[in-house]
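K.L.:
I'd like to ask some things about the structure below.
Values in this text are rule-based calculations from the coordinates and carry no lab data. As the structure is a computational prediction, the values presented were derived from the model and not from experiment. Every residue, glycine as well, gets a Cβ built from its backbone with ideal geometry; the counts of neighbours run over all protein chains shown.
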Amino acid sequence: MPPAELDAWSLLLVYSAMAVYTLAFVAYAVDVARRSAATAVPEEARELVSAGAPGAPARPAASAPAPAARPGRGARIGFALIVIAWALHLGGAVMRGLAAGRVPWANMYEFALTGVAVIVGVFVLSRLWRDLNFLGVFISGLATVFLGLATVNFYVTPTPLPPALQSYWLVIHVFVATLATGFFALGSGLSVLQLIKERRSSGFLRALPSTVQLEDLAYRVGVIGFIFWTFTLIAGAIWAEHAWGRYWGWDTKEVWTFVIWVVYAGYIHARATRGWRGSRSAWLQLVGFAAIIFNYSVVNLFFKGLHAYSGL
Amino acid sequence: MSQSSDPLRPGDHVDGVAAPSQPPLGVRGWARFLWRQLTSMRTAIVLLLLLAVAAIPGSLVPQESSDPNGVIQVRADNPELIWLYDALSLHDVYSSPWFSAIYILLFTSLVGCVVPRLAHHWKAMRAQPPRTPARLSRLVGFQTVPGDASDLDRADRVLRRLGYRTARYGDSVSAERGYLRETGNLLFHLSMLGLLLVIGRGSGFGYDGQRLLVEGRGFANTLSSYDSFSSGQWFDEGSLEPFAVVLDDLQVEYETENRDAIGAPLDFTALVSVTEDGAERDAQIKVNEPLNVAGADLYLISNGYAPRISVRDASGQVVYDQYTPFLAQDDAMTSLGVIKLPDGLEEQLGLRGFFYPTAVPLDTGALASAYPDLANPVLSLQAFAGDLGLDRGVPRSVYALETDEMTQIAGGDSGTDALTLAPGQTIDIPGGLGTITFEDVRRYGVIEVHVDHTQTPVFWITVLLFASLLASLLVPRRRMWVKAAGDRLELAGLARGEDPTLERAVDDLARRLVDEGSAARGDDASAATDAVGATAGEARPAGPTDRPRE
Ligand code: HEM
């Protein structure tokens with residue numbers, strides 16, 4: 001297939017994925033609405049029950065969601081839809097890579113395409129480890145909005161890589177950065193829920209894990225993101241050394257990678273500091289994620305620097 | 001510190017020193033108070049966030065180090081703000097006093113934080129696991145399994161097999177594992193300190209020079225060869241590596257097929273001959289592949305066209321004949337250049353104009369370049385006669401022509417067309433000054449020679465940093481106790497640091513004890529397993545960790 005045709009297929013798959021993400025969002029939202037209407041067991045009672053559950057040889061760890069958080073039918077449908085959308089989305093990303101003859105993460109559109117696929121992928125695969133279906137609304141909504149914004153505003157036809165980008169470091173550095181972003185997104189979703197739940201605990205919020213459990217989960221996910229981000233920083237420095245002759249030069253993109261890294265270091269410290277646990281550290285996680293979004297959007301679009309080759 | 005009465009917070013856990021709420025009187029008291037404030041975790045968080053915020057202006061205002069042209073531009077556009085930029089070091093954010101103050105404070109805090117923990121960790125590594133708390137039932141994962149004091153040896157063995165260090169206290173086993181977590185944490189913080197020191201000191205010995213080379217030309221690595229050169233404060237000219245480089249050929253490849261990207265650069269390769277220790281060899285430099293010569297790294301950082309232009313006076317005498325580098329202005333390599341001829345002609349002559357590698361006429365009649373490669377090279381020059389202003393002692397860029405004291409004699413509003421030439425063509429200079437010939441055109445490359453002695457140490461410290469970060473974040477540090485209470489064994493754990501798997505670990509230990517116990521006794525294993533966890537769990541404390549630090 002000629003590249004243009006492959007790219008057309010890719011777009012078609014991406015549009016289909018967006019449609020199915022939207023459906024998933026609707027399913028999750030209906031589920032949330034239904035739960036808000038239903039009267040739930042008071043949380044304290046449930047927690048005691050789960051904590052004291054006798055005779056369970058492998059009890060869930062302290063941070064596991066309470067059993068009552070098990071997804072309803074709407075959420076199960078939502079999850080199935082999100083998996084389908086993700087498959088379409090992955091297909092679209094692969095086709096895009098084939099059309100361009102390289103990895104599909106070399107300009108703004110492709111960053112968004114692959115980045116959102118990674119975010120959803122982290123969510124879907126985390127299912128193997130822990131049921132995070134209560135984040136479904138957040139993730140499916142985020143995927144719909146980001147993909148929509150990216151295809152409308154950033155789409156460009158595939159073009160070859162400029163020499164500065166022709167490096168296996170593009171594959172490693174950028175992919176690990178998107179992976180980190182995926183984990184940060186998940187962590188931020190958890191932090192948002194934690195903050196909401198700290199304020200109000202009615203309706204569907206009651207079905208969520210406790211704020212402490214949410215905070216623990218957010219932290220674990222955030223730490224993995226932080227590890228990947230540290231790697232991104234190091235790999236970027238090595239690449240810069242090859243491409244520009246210095247490993248660190250405070251280029252705008254380097255500045256923002258550093259800022260994000262330091263904010264998350266602050267977050268990790270906050271979690272270990274009396275008086276900074278709880279909502280304060282949750283806010284820090286959100287500040288970090290806001291910086292990531294800012295770095296991707298505003299810095300890429302409006303700031304001048306060596307990285308300004310996004311070919312938008 | 002003595003044993004803590006609160007089993008959730010091990011008494012021997014150093015978390016910096018708690019800041020007293022009131023400063024004791026006296027200078028020493030104040031000093032201690034300030035030091036404790038500085039080395040508290042809360043200060044570390046605030047300083048980290050401050051550092052993040054302080055780094056941002058450097059991405060908004062052009063920096064001397066990364067974008068000198070941007071600095072010139074901003075100062076030219078906002079002359080009334082120059083004093084502010086200078087007062088706040090906004091063009092040198094990362095070496096400014098305020099940025100330095102923040103990171104110096106942060107690293108001071110780090111040292112103050114890490115040193116006591118180093119000492120403490122050193123002791124902990126050599127000490128026995130701590131005494132078993134009196135009441136295990138308040139700890140994480142508390143449960144009982146069948147067994148008595150005679151089973152403690154086996155428990156000890158099981159724990160050691162699981163990587164715990166163990167000690168016996170009466171009829172209990174105390175176990176601890178994951179010392180690597182703290183080791184990693186300390187190494188991580190120390191390697192950041194190491195990075196700062198190595199970069200701060202090491203970069204003082206390096207240098208960075210740039211040299212523009214037209215194809216066929218070369219240079220030797222001496223100070224005078226460079227067009228621009230910067231070096232660290234301890235740099236010694238005698239340390240310049242002895243080598244010479246000739247740019248034989250600069251190969252450039254542009255996209256020709258993808259309609260959306262015609263003319264996009266695909267590859268730049270500089271083929272060079274390197275002379276080192278009297279031996280000559282061929283080598284190449286690509287954008288992502290620097291060339292190492294005698295410890296120096298050579299990069300190809302930009303390229304362009306250098307038309308060879310010759311000028312003859314009215315009698316046909318050659319007064320100028322050089323490859324003159326033009327600076328690319330856009331993706332299609334429309335290039336701007338200037339030639340100054342102070343001597344040789346009746347009047348001083350200045351030429352300024354564009355070189356178009358693939359010239360196409362626009363509707364307006366002006367020329368533009370449509371493609372960056374040499375498909376239809378054309379040179380179009382404006383000419384000025386008069387005073388070039390070279391002897392006024394003001395330094396002038398070779399790429400700028402000062403025309404205040406000159407009269408335009410070709411191009412612009414002069415009434416005469418610009419001097420437009422294809423390779424091989426000759427044209428008369430208006431006013432009978434002589435002739436100009438566009439002989440041919442070659443490419444040039446700008447080679448950067450970079451020596452940075454910090455590269456290797458920085459790389460290895462970074463490897464250490466990353467490895468210790470992994471250890472510090474992923475290795476669980478925990479204590480585990482097995483205590484004989486009548487005909488039962490009590491089990492419980494205590495996390496030191498984030499340890500979400502602690503409960504599972506206690507469950508796992510319980511299962512192993514039961515399995516091994518029944519294997520030893522030949523009991524029915526499955527019946528015993530059912531008993532595991534039967535008494536588990538009084539109401540659990542909110543967090544599974546001991547931690548929040550001061
Ligand atoms: C240069 C700035 C700093 C950075 C980038 C930084 C970064 C980090 C990171 C990423 C961690 C988590 C990984 C680990 O446990 O090793 C951490 C943990 C820690 N840092 Fe820092 N740190 C800095 C300065 C400090 C300072 C000044 C202090 C003391 C006041 C400090 C005390 C600690 C402590 C006690 C932990 C362990 C927290 C825990 O157990 O979870 N750090 N730091």
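K.L.:
If one computes the Cα centroid of region B:186-238 and of region B:268-345, what distance in Å separates the two points?
P.N.:
If you average the Cα positions of each part, the centres end up 23 Å apart.
K.L.:
Given +1 on the Cβ of Lys and Arg, -1 on the Cβ of Asp and Glu, and no further charges, what dipole in debye does region B:306-441 carry about its Cα centre, rounded to the nearest 20? Walk me through the intermediate numbers first.
P.N.:
On the way: 6 positive and 19 negative charges, 42 e Å.
Here region B:306-441 has a charge dipole of around 200 debye.
K.L.:
Follow-up question, since we're still on this one. Return the long-range amide H neighbours of B:Thr416 (sequence gap of 5 or more, or a different chain), with a cut-off of under 5 Å between placed amide H atoms.
P.N.:
B:Gly411
K.L.:
Between region B:466-486 and region B:71-123, how far is it from one alpha carbon centroid to the other, in angstrom?
P.N.:
37
K.L.:
Averaged across B:255-268, how many Cβ atoms of other chains sit within 10 Å of each residue's Cβ atom?
P.N.:
Numbers: counts 3, 0, 2, 8, 3, 8, 8, 1, 0, 6, 5, 5, 4, 3.
Rounded to a whole number, the mean comes out at 4.
K.L.:
Using the 2.2 N^0.38 Å rule of thumb for compact globular proteins, work out how chain B stacks up: its C-alpha Rg over that value, please.
P.N.:
1.53
K.L.:
Could you tell me the relative contact order of region B:25-120? Use alpha-carbon pairs under 8 Å, at least six residues apart, and round to a whole percent. Walk me through the numbers on the way to the answer.
P.N.:
Working: 64 pairs, mean separation 36.1, N = 96.
Result for region B:25-120 is 38 percent.
K.L.:
Still on this structure, please answer the following. Give me the Debye-computed log₁₀ of I(q)/I(0) at q = 0.10, 0.16 Å⁻¹ for region A:101-219, equal point scatterers on Cα only, no solvent, two decimals.
P.N.:
Log-scaled intensity ratios, in q order: -0.38, -0.81.
K.L.:
Here's another thing I want to ask about it. Starting with the fewest neighbours, write out A:Phe183, B:Phe355 ranked by other beta-carbon atoms found within 10 Å of each beta-carbon.
P.N.:
Details: A:Phe183 23, B:Phe355 29.
Least to most surrounded, the residues fall as A:Phe183, B:Phe355.
K.L.:
Let me ask something else about it. Can you tell me the equivalent ellipsoid semi-axes for region B:25-120? Use √(5λ) from the Cα gyration tensor, largest first, whole Å.
P.N.:
After scaling each eigenvalue by five and taking roots: 37, 14, 9 Å.
K.L.:
What residue among B:Ile285, B:Thr269, B:Asn185 has its Cα farthest toward the positive end of the dipole of the protein assembly as shown, where the charges are +1 on Lys, Arg and -1 on Asp, Glu, each on the Cβ?
P.N.:
B:Asn185
K.L.:
When a footprinting reagent is the concern and you count Cβ atoms within 10 Å, what order do B:Val318, A:Val120, A:Val174 take, fewest first? Walk me through the intermediate numbers first.
P.N.:
On the way: B:Val318 12, A:Val120 28, A:Val174 22.
Least crowded to most crowded, the residues run B:Val318, A:Val174, A:Val120.
K.L.:
Let me ask you something else. What are the principal axis extents of the Cα atoms in the protein assembly as shown, in Å, biggest first?
P.N.:
120, 67, 55
K.L.:
Please give the peptides B:397-405, B:214-222 ranked by average Cβ packing (other Cβ atoms within 10 Å per residue), highest first, as a rough proxy for protection. Display every interim value, and only then the final one.
P.N.:
Numbers: B:397-405: 12.7, B:214-222: 16.6.
Highest mean packing first, the order is B:214-222, B:397-405.
K.L.:
Between A:Leu128 and B:Asp171, what FRET efficiency follows from the Cβ-Cβ distance if R0 is 35 Å, with the result rounded to 0.05?
P.N.:
Numbers: r = 42 Å, r/R0 = 1.20.
After rounding to 0.05, the efficiency reads 0.25.
K.L.:
Next up: To the nearest 20 Debye, how big is the dipole of region A:161-311 about its Cα centre, given +1 on the beta carbon of each Lys and Arg and -1 on that of each Asp and Glu?
P.N.:
Working: 12 positive and 6 negative charges, 120 e Å.
Using only the charged Cβ atoms, the result is roughly 580 debye.
K.L.:
Going highest first, how would you order A:263-269, B:256-262, B:484-490 by mean Cβ packing within 10 Å? Numbers along the way, then the final one.
P.N.:
Working: A:263-269: 24.3, B:256-262: 13.6, B:484-490: 16.7.
Per-residue Cβ counts within 10 Å, averaged per peptide and sorted highest first, yield A:263-269, B:484-490, B:256-262.
K.L.:
Which is farthest toward the positive dipole end of chain B among B:Gly170, B:Gly386, B:Leu88, measuring Cα position about the Cα centre, with Cβ charges +1 (Lys, Arg) and -1 (Asp, Glu)?
P.N.:
Most positive-ward Cα: B:Gly170.
K.L.:
Region A:105-146 to region B:133-163: how many Å between their Cα centroids?
P.N.:
43
K.L.:
Is there a simple number for the mean count of other chain Cβ atoms within 10 Å of the Cβ of residues in B:502-511, and what is it? Write down the numbers at each step before the final one.
P.N.:
Working: counts 2, 7, 6, 1, 1, 5, 1, 0, 1, 2.
Going residue by residue through B:502-511 and averaging, the value is 3.
K.L.:
I want to verify the translational diffusion coefficient of region A:161-311 in µm²/s; compute it with Stokes-Einstein, Rh as the Kirkwood radius over Cα pairs, at 4 °C and 1.567 mPa s.
P.N.:
On the way: Rh = 16.4 Å.
Diffusion coefficient, whole number: 79 µm²/s.
K.L.:
Please report the relative contact order for chain B, taking Cα pairs under 8 Å with a sequence separation of at least 6, and give it as a percent rounded to a whole number. List each step's numbers first, then the result.
P.N.:
Values: 1070 pairs, mean separation 103.2, N = 550.
19 percent.
K.L.:
Continuing with this model, one more query. If the viscosity is 1.567 mPa s and the temperature 4 °C, what Stokes-Einstein diffusion coefficient in µm²/s follows for region B:306-441 when Rh is the Kirkwood radius over Cα pairs? If you can, show how the numbers build up before the last one.
P.N.:
Details: Rh = 15.1 Å.
Estimated via Stokes-Einstein, D reaches 86 µm²/s.
K.L.:
Roughly speaking, what % of Cα-Cα pairs in region B:372-439 are separated by over 13 Å, rounded to a whole number?
P.N.:
Numbers: 1600 of 2278 pairs.
Result: 70 percent of Cα pairs exceed 13 Å.
K.L.:
Please give the FRET efficiency for A:Ala87 paired with B:Val463, using the beta carbon to beta carbon distance and R0 = 41 Å, rounded to the nearest 0.05. The partial results should precede the final answer.
P.N.:
On the way: r = 38 Å, r/R0 = 0.92.
E between A:Ala87 and B:Val463, to the nearest 0.05, is 0.65.
K.L.:
Farthest toward the dipole's positive end in region A:161-311, which of A:Leu205, A:Thr273, A:Trp239, given Cβ charges of +1 (Lys, Arg) and -1 (Asp, Glu) about the Cα centre?
P.N.:
Going by the Cα projections, it comes out as A:Leu205.
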